[in-house]
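One structure is given below, encoded as structure tokens.
The values are calculated or read from the model by the stated rules, or taken from the named source; none is laboratory data. For clarity, every value in this text was computed on a predicted model and none was experimentally measured. Cβ coordinates were reconstructed from backbone atoms using ideal geometry, including for glycine residues, and neighbour counts include every protein chain displayed. Each accessible area value is taken on the protein alone, full model and side chains, heavy atoms only, with ligands, DNA and RNA left out. Shrake-Rupley method; radii C 1.70, N 1.55, O 1.52, S 1.80 Å.
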Amino acid sequence: MKKARLVVIGNGMAGVRALEELLKLAPDLYDITVFGAEPHGNYNRILLSPVLAGEMTIKDIMLNDVDWYAQNGITLHLDKKVTQIDRVRRKVIAADGTEAAYDRLLLATGSNPVMLPVPGGDLPGVVAYRDIKDTDEMIEAASHYRHAVVIGGGLLGLEAANGLRLRGMDVTVVHLMPWLMERQLDRAAAGLLQQSLEAKGLKFLLEKQTEQIIGTSMLPPLQGEGWGGDGFGAVDLPHPHRTHPHPNLPPEGEGTIAPPPSRGRLGGGWVDSLPHEREGARSSRVTSIRFKDGTEIPADLVVMAVGIRPNTGLAEAAGLHCSRGVVVDDTMQTYDPRIYAVGECASHRGIAYGLVAPLFEQARVCANHLAQLGISRYTGSVTSTKLKVTGIDLFSAGDFMGGEGSEEIVLSDSFRGVYKKLVVKDDKIVGGVLYGDTADGSWYFQLLRDGQNIRELRDRLMSGQSHLGNSGHQGRSNAASMPDDMEVCGCNGVCKGTIVKAIKEKGLFTLEEVRKHTKASSSCGSCTGLVEQILASTVGGAYQPADAGRKPLCGCTDYTHEEIRKAIIERKLKSIPEAMSFFEWRNVDGCAFCRPALNYYLLCAWPHDYRDDPQSRFINERAHANIQKDGTYSVVPRIYGGVTTPAQLRRIAEVAEKYAIPALRCTGGQRINLLGVKKENLPKVWADLDMPSGYAYGKSIRTVKTCVGSEWCRFGVQDSTNMGIALERALDRMWAPHKVKLAVSGCPRNCAEATIKDIGIVGVESGWEIYVAGNGGIKAEVALFLVKAKSAEEVMEYAGAFIQLYREEARYLDRTVHWVQRAGMGYVKQRIVEDSAGRKALYERLKDALRDEKDPWRERAHGFEAQEFAPVRFNRNNIQGGSHERVDEGVPA
Amino acid sequence: MSEWMRVCPLEEIPKLGSRVVQTGNGDIAVFRNGADAIFALRDQCPHKGGPLSQGIVSDRKVTCPLHGWAVQLDSGEAVAPDCGCTNRYRARVDKGEVYINLSEPK
Ligand SMILES: Cc1cc2nc3c(=O)[nH]c(=O)nc-3n(C[C@H](O)[C@H](O)[C@H](O)COP(=O)(O)OP(=O)(O)OC[C@H]3O[C@@H](n4cnc5c(N)ncnc54)[C@H](O)[C@@H]3O)c2cc1C
Ligand code: HEM
Ligand code: SF4
Ligand code: FES
């Protein structure tokens, strides 16, 4: 059967991304033809800024070279502009007469830069900043001429100005508005930005309206019209009479969330510019530029960065419905069902996006439908803005101006050059501007997009998420100004330069990709904020943090943790293969992330029916010991509440000697660690120790740390030791989404450091205070007060119920703090404190789940899973001698 | 030269699991996947020598327990974007017994 034909018009970032996604899903479905008006393969347009700045070359920014098309059997027509779509005969026709017939057509024609219709606008030396040709022209001009004028103080204009300055030109930025980037910044932040750009040698003329561009031979001016400067991300060509930007104006045709200007909206009824020839035929060249106020400055190069306009001419001529973009539905289909559109040329729910991240999302959805899967929808994006290349950390999102009904939280530290403003409305963040320190940009953005209630976070908001007790990167929080050789990821020893290089050379756009390629942020995660900033400062707004609200379990499925847990219970799925086939897992056997997660979810749902799958556990949990870097294991027996006996200590000492265990040390959880045990010796060590497993290796209960308490301590008001022992016994052998640590202190001096534990209990005169969701690791988090209990029994019930709720509702690998931050302390209090029947039921479920868990060491000391611990031995001579038989020393006893 | 050496009965290697074979020349990891295919690799991750035998097996890959590299069971090569390779040996099942051939790495 003949394959269906897919034709793509526009060989840019969105169109080719759609093809890549399509090839992943259905590599053989179509005969594909691509038309590109530019004479290049697909390149990373956003990196034209570093190219202009001299940091990269065109070669570095190619995403798909010509070979890629050939390898994928794609017919590529470069340097051929399509001039007509014949929807009746279903073919497209290019300027040179090339034709291609289609069954499906994809429009990805991007945008055109807007050129001001001022006299002289077509002189040689007047350019836009959109493609390789423009960039080359600017680089060329920089080597011959001195004076550059950039019209437009938006993102694009500033990046252009910065690049030209770095190439040695004398650069003036002309901007119509009273401050720079008025669509993304408030006046204060813009002022700071202007200062530091001035320090880099840029000049600014604000509130200047261009009247005329003057060349060696000039015609008299035709008309004067005011145009606001702007850049990519947002085009709203200003009205001539508009004097002040008005970010709060709700754009028409929108749902409930009024999209702020920085959503990358191309909109606002503008008057089309006069017909304009970008390649002026005259031989004269621009020499100066004159403003409405009569002043004039010299200019050998004029860059117009005043906005972009969706490139819809072709679609309109073909009779497709357009309204500031080719109108598409949630499947990226236009009014002609055979024709799809993605990228800057498409208008979705009234918005044409001008940033890469939403376009990639569109591409993914479109590919899904082209592949005839039909299960994906694009529902719009909230975007945020970052400035790249200039070495300045800047972040902006949402409604950053505030106004009626909203309040502002502002931090301004002129000494450090830091300015932060968050706009809060009804206890929710609706916008913000960060300057100089953007480490928390992603966090704020997440709170904004998820519409999270921030009442409880409020007093901590400004100090930010990454500033509180974070370790591993010297407290740095300003990525753009970091030197290249500075270490970002302490865990994996990755420097900033390595990350930037990988992002640029490998064309990375997401945190996941950076993690994969560089390992940065892939271990403890404390540097995630920094890595995100580096991404942002390298690729700009193309980076958007992943949506926390809907997180697929892993790459093997599109279903979320929550959906999967629900179905496991409702559909009575009781094994990993059953769950995988029910959800049509993409990869055979899943992966090293989802298998342990599924194993835990099944175990939690069916504590008595589910048969634990050791092959779906990380090695530590399979071997019930911690693997060390030399491949040996450590053994930490349980010592309830840290209280031991001479007999116990003697046994530990004897075992250590008998098996020549090289190191013994006290753990941070007040018990003893036997380090350097060979795997094959583990069952014997356990048998001789005859102590329960301490679960120091698992996503499980770890220890309950205690202080001495009222029995001995002169300050003690409660018996913390026995409270701790009772808790540790009750929770013994409990698996959880992640490790669970408790501590009990006998008085508020809190010697057991209970307030950085998953559950911390602090004795007071009249009972016990219970704190939850603390964390003492990579990122210190102080536990939050849950409730006060009067008796030990009440402590058990509250603690047990809290843990069971965590076990049932957290995502695998969430610590309690991550889960509580997402679910909200209000919710936790409601379930645990207010709903007493619910609390009792939770506690009962926990007790029931733990009722028949066996001690894993005891089982294995008696021969369970013996093959896990028993290697097969070959004799060396035997191998060299070439015998067919092995010398089988058998399974060690 | 065929130097097939018997390792153990197939059922002594769990599905999606492995068995370590100690030789005079270091450890070999023998894997069994969900489809009962058998693979043998040097038990050393191409990254920092982690024991691949202790990793999680899925399909034709094993994920190293130390830093999470994925290594292809049938070639010994790390899965992109990581890059590196560990020795791979021939392995087969005959009448329910697992054999490996260490004569030359493939
Ligand atoms: C200097 C610069 C810096 C930027 N920085 C950022 C940033 O930091 N972050 C960010 O998110 N975004 C940034 N952007 C914006 C981003 O590059 C665009 O949003 C993105 O490239 C749009 O993708 P697209 O596929 O819709 O359009 P394009 O990438 O423009 O691709 C459209 C292609 O179609 C071709 N074409 C048009 N009409 C026809 C026709 N009739 N026949 C054949 N071919 C045709 C065009 O020549 C073009 O190659 C930047 C843009 C520029 C110019
Ligand atoms: C694979 C990696 C890790 C291993 C093998 C490991 C192992 C251990 C062990 C054996 C103990 C002694 C605890 C006990 O007696 O039960 C311990 C304590 C501790 N670990 Fe880890 N750990 C690891 C990762 C982490 C991480 C990622 C964090 C931070 C999030 C962390 C934070 C702590 C803290 C704070 C203690 C002290 C506990 C206390 O005082 O109660 N560990 N760890
Ligand atoms: S917390 Fe209070 S009771 Fe416990 S050891 Fe410290 S001072 Fe004593
Ligand atoms: S040693 Fe295997 S991933 Fe590092």
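Tabulated results
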{"read-out": "Odd one out for A:Gly36, checked against (1) near ligand 1 (Cβ under 9 Å from one of its atoms); (2) in contact (Cβ under 8 Å) with a residue 60 or more places away in the chain; (3) over 27 Å from the mean Cα position of the chain (by Cα)", "value": "(2)"}
{"read-out": "Criterion (of a type in the set (Lys, Arg) and more than 28 Å from A:Ser347 (Cβ to Cβ)) met by exactly one of A:Lys91, A:Lys81, A:Lys59", "value": "A:Lys59"}
{"read-out": "Residues of region B:22-39 that turn out to be assigned to a loop (DSSP other than H, G, I, E, B) and within 9 Å of chain A (Cβ to nearest Cβ), as a count", "value": "5"}
{"read-out": "Condition check for A:Tyr378: under 23 Å from A:Gly826 (Cα atoms), of a type outside the set (Gly, Ala, Ser) and open to solvent by less than 30 Å² (accessible area, probe 1.4 Å)", "value": "no"}
{"read-out": "Exclusive hit being within 30 Å of A:Lys386 (Cα to Cα), surrounded by fewer than 20 Cβ atoms within 10 Å (Cβ to Cβ) and either polar (S, T, N, Q) or free of Cβ contacts under 8 Å to residues at least 24 places away in the same chain (or both), set A:Glu140, A:Glu99", "value": "A:Glu140"}
{"read-out": "Odd one out for A:Met691 among (1) surrounded by 20 or more Cβ atoms within 10 Å (Cβ to Cβ); (2) more than 21 Å from A:Asn620 (Cα to Cα)", "value": "(2)"}
{"read-out": "Residue that is most open to solvent (accessible area, probe 1.4 Å), among those in region A:80-95 that are assigned to a loop (DSSP other than H, G, I, E, B) and of a type in the set (D, E, K, R)", "value": "A:Arg89"}
{"read-out": "Residue in region B:1-12 that is least open to solvent (accessible area, probe 1.4 Å), counting only those that are more than 7 Å from chain A (Cβ to nearest Cβ) and not in a helix (DSSP H, G or I)", "value": "B:Pro9"}
{"read-out": "Residues being touching a helix residue (DSSP H, G or I) at 6+ places or on another chain (Cβ under 7 Å) and either small (Gly, Ala, Ser) or within 11 Å of ligand 3 (Cβ to nearest atom) (or both) - total across region A:762-789", "value": "8"}
{"read-out": "Criterion violated by A:Ser634 - all others in (1) open to solvent by 10 Å² or more (accessible area, probe 1.4 Å); (2) within 24 Å of B:Arg19 (Cα to Cα); (3) in contact with a strand residue (DSSP E or B) (Cβ under 7 Å, 6 or more places away or on another chain); (4) not in a loop (DSSP other than H, G, I, E, B) satisfied", "value": "(1)"}
{"read-out": "Conditions (1) more than 23 Å from A:Gly590 (Cα to Cα); (2) of a type in the set (Gly, Ala, Ser); (3) more than 11 Å from chain A (Cβ to nearest Cβ): number failed by B:Ser103", "value": "(3)"}
{"read-out": "Count - residues of region A:650-685 that are in a strand (DSSP E or B) and among the small types (Gly, Ala, Ser)", "value": "2"}
{"read-out": "Those residues of region A:783-804 which are crowded, with 24+ Cβ neighbours inside 10 Å and free of Cβ contacts under 8 Å to residues at least 40 places away in the same chain, in sequence order", "value": "A:Ala783"}
{"read-out": "Elements of type strands (runs of 3 or more DSSP E) contained in region A:99-166, each with 1 or more residues being under 37 Å from the mean Cα position of the chain (by Cα)", "value": "A:104-107, A:111-113, A:126-128, A:147-151"}
{"read-out": "Matching option when the condition is farther than 22 Å from A:Met580 by Cβ and either under 11 Å from the mean Cα position of the chain (by Cα) or within 16 Å of ligand 1 (Cβ to nearest atom) (or both), among B:Ser103, B:Ser75", "value": "B:Ser75"}
{"read-out": "From B:Arg42, B:Arg19, B:Arg90, residue being more than 16 Å from ligand 1 (Cβ to nearest atom) and within 10 Å of another protein chain (Cβ to nearest Cβ)", "value": "B:Arg19"}
{"read-out": "Subset of region A:721-760 (residues that are open to solvent by 10 Å² or more (accessible area, probe 1.4 Å), farther than 26 Å from A:Arg851 by Cβ and either part of a helix (DSSP H, G or I) or within 16 Å of ligand 1 (Cβ to nearest atom) (or both))", "value": "A:Thr755, A:Ile756"}
{"read-out": "Any hit, region A:27-48, residues being open to solvent by 30 Å² or more (accessible area, probe 1.4 Å), away from ligand 4 (no atom under 16 Å from the Cβ) and part of a strand (DSSP E or B)", "value": "yes"}
{"read-out": "Tally of residues being open to solvent by 40 Å² or more (accessible area, probe 1.4 Å) and more than 16 Å from ligand 2 (Cβ to nearest atom) across region B:52-74", "value": "5"}
{"read-out": "Filter result for the condition that a residue is away from chain B (no Cβ under 14 Å), within 13 Å of ligand 2 (Cβ to nearest atom) and surrounded by fewer than 21 Cβ atoms within 10 Å (Cβ to Cβ), over A:Cys666, A:Cys707", "value": "A:Cys666"}
{"read-out": "Selected residue (criterion: nearest to A:Tyr600 (Cα to Cα)) from residues of region A:669-704 that are polar (S, T, N, Q) and within 13 Å of ligand 2 (Cβ to nearest atom)", "value": "A:Ser700"}
